[in-house]
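Q: Please read through the structure below; I'll follow up with questions.
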Amino acid sequence: MTIKDLAKKTGYGVATVSRVLNNHPNVSEKARLSILKAVEESGFQINENAKQLKQQRATSILVVVKGTSNEMFGSLVEAIQSRIAETDYPLVVDYIDEDSNEVLRAVTLCREKKPLGILFLGGNSEHFIADFEKIEIPCVLVSNSASGLPFKNLSSVATDDRLAAKSAVDFLIGLGHRKMVMVGGDTENSDTAKLRYEGCVDSCTEHGINFDAKKDYCGVRFSYQDGYNATKRLIEEKRDFTALFAAADVMAIGAIRALCDCGLRVPQDVSVVGFDGLRLASFLVPKLSTVEQSVKLMAQRSVDILLDCIENKGKSLHETVPFTVRERESTRKI
């Protein structure tokens, strides 16, 4: 009898049975008693030689985080850690600069750490097309869709960034705003930045609003400081706007500070909408209107899909999680 047989007999997952057999925590007393009873009834014995061989192999899950200042990814890492803590797998988190190549970094870490699977937080599709075939283990791209990429060992869980950004700008236009600017990321280097920019343009085009990408869009890094600097630049260039859409809450928070420092009031003079739904956004003065992503669901589905691929050789999946445009105090009708 194998662990899989015990799992089938008891109705519990392989990971739960393994935790009980190895006397690990994070198992309910009911599950523990049920599994131990099945062990006794079946005469199951752990193969110590196989156990030692397994311990010599890598058992970790690797998370490659693209960017060090994006707090959205910080929230995702926290949620992923909570989910992984329910398993026996150790978690290795590796942070790289948002301009770095996440796939080549993962290739290097596969040689060094030999993980069982990888979660990519953020990614550039060009990097995957060029180098992902070098990675053979199951992977999940989190927060970006990989549905258009031809890799059987790559899944993805993401928000529809383009639609969500369009919805945010639709919301501003619905409040009466016709003059707007956007602070976003580097559209050449980030799929997320590109899709959110395209969503903004989609909305403006649909409503007959002229959006000049060279003058009304600032592509910078995903950080408070860059959001601040980009907004000051727009003001100094004398752009005429009543609304600002930021591609991330950290940018929006920097933008509000810049508007305030330049003598403009939010939302009386300029309405601001962010993107991500950071917890901090609801504690600002004013509270930030934002596109709220389902961080907990995104993390849970990403880990579950990866574990299924590792443990059960499950097929790759590509899922889209819902979003909500959350109206708060940083926007007003004009």
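The values are calculated or read from the model by the stated rules, or taken from the named source; none is laboratory data. No experiment lies behind these values; they were computed from the predicted model shown. Here Cβ is always computed from backbone atoms with ideal geometry, including for glycine, and neighbour counts include all displayed protein chains. Protein only, heavy atoms only, side chains kept; ligands, DNA and RNA dropped before computing areas. Shrake-Rupley method; radii C 1.70, N 1.55, O 1.52, S 1.80 Å.
Q: So which residues in the range 139-166 are open to solvent by 30 Å² or more (accessible area, probe 1.4 Å) and of a type outside the set (A, V, I, L, M), if there are any at all?
A: S145, S147, G148, P150, F151, K152, N153, D160, R162, K166
Q: Filter the range 75-127 down to the residues that are aromatic (F, W, Y) and out of contact with any Lys or Arg (no Cβ under 8 Å at 6 or more places or on another chain) and list them by number.
A: Of everything in the range 75-127, those that are aromatic (F, W, Y) and out of contact with any Lys or Arg (no Cβ under 8 Å at 6 or more places or on another chain) turn out to be Y89, Y95.
Q: Tell me which residues, restricted to the range 143-181, are without any contact (Cβ under 8 Å) to a residue 24 or more places away in the chain and either under 18 Å from T320 (Cα atoms) or in a loop (DSSP other than H, G, I, E, B) (or both).
A: Correct list: G148, P150.
Q: I'd like the full set of residues that are closer than 15 Å to V157 by Cβ and open to solvent by 80 Å² or more (accessible area, probe 1.4 Å), limited to the range 307-321.
A: Once the filter is applied, which keeps residues that are closer than 15 Å to V157 by Cβ and open to solvent by 80 Å² or more (accessible area, probe 1.4 Å), the range 307-321 yields K315, T320.
Q: Out of the residues in the range 232-247 meeting the condition of being farther than 21 Å from L175 by Cα and not in a loop (DSSP other than H, G, I, E, B), tell me which one is least open to solvent (accessible area, probe 1.4 Å).
A: Residue satisfying both the conditions and the ranking: L234.
Q: Sticking with this one: Report the residue count in the range 11-32 for those that are open to solvent by 80 Å² or more (accessible area, probe 1.4 Å) and at pLDDT 85 or above.
A: Summing the residues that are open to solvent by 80 Å² or more (accessible area, probe 1.4 Å) and at pLDDT 85 or above in the range 11-32 gives 1.
Q: Another one. Which members of the range 118-132 meet the condition of being open to solvent by 20 Å² or more (accessible area, probe 1.4 Å) and farther than 21 Å from I61 by Cβ?
A: Once the filter is applied, which keeps residues that are open to solvent by 20 Å² or more (accessible area, probe 1.4 Å) and farther than 21 Å from I61 by Cβ, the range 118-132 yields S125, E126, I129, A130.
Q: Of all residues in the range 285-306 being assigned to a loop (DSSP other than H, G, I, E, B) and aliphatic (A, V, I, L, M), which is surrounded by the fewest Cβ atoms within 10 Å (Cβ to Cβ)?
A: V285
Q: Here is a follow-up. Sort out which residues of the range 22-38 are touching a helix residue (DSSP H, G or I) at 6+ places or on another chain (Cβ under 7 Å) and not in a loop (DSSP other than H, G, I, E, B), and write them in order of number.
A: Selection gives A31, R32, S34, I35, L36, A38.
Q: Quick check on the range 58-109: of everything there that is open to solvent by less than 20 Å² (accessible area, probe 1.4 Å) and of a type in the set (G, A, S), which residue is farthest from G277 (Cα to Cα)?
A: Filtering the range 58-109 for residues that are open to solvent by less than 20 Å² (accessible area, probe 1.4 Å) and of a type in the set (G, A, S), the one farthest from G277 (Cα to Cα) comes out as S60.
Q: Give the range 179-229 a look and list any residue that's open to solvent by less than 30 Å² (accessible area, probe 1.4 Å), under 25 Å from S147 (Cβ atoms) and of a type in the set (A, V, I, L, M), or say none.
A: Scanning the range 179-229 gives a single hit, A193.
Q: Here is a further query. Might you let me know whether the range 271-283 holds any residue that is free of Cβ contacts under 8 Å to residues at least 12 places away in the same chain and within 30 Å of S82 (Cβ to Cβ)?
A: Checked the range 271-283: at least one residue is free of Cβ contacts under 8 Å to residues at least 12 places away in the same chain and within 30 Å of S82 (Cβ to Cβ).
Q: Can you tell me which residues in the range 184-210 are touching a Phe, Trp or Tyr at 6+ places or on another chain (Cβ under 7 Å), in contact (Cβ under 8 Å) with a residue 40 or more places away in the chain and either not aromatic (F, W, Y) or not in a helix (DSSP H, G or I) (or both)?
A: Selection gives G184, G185, R196, C200.
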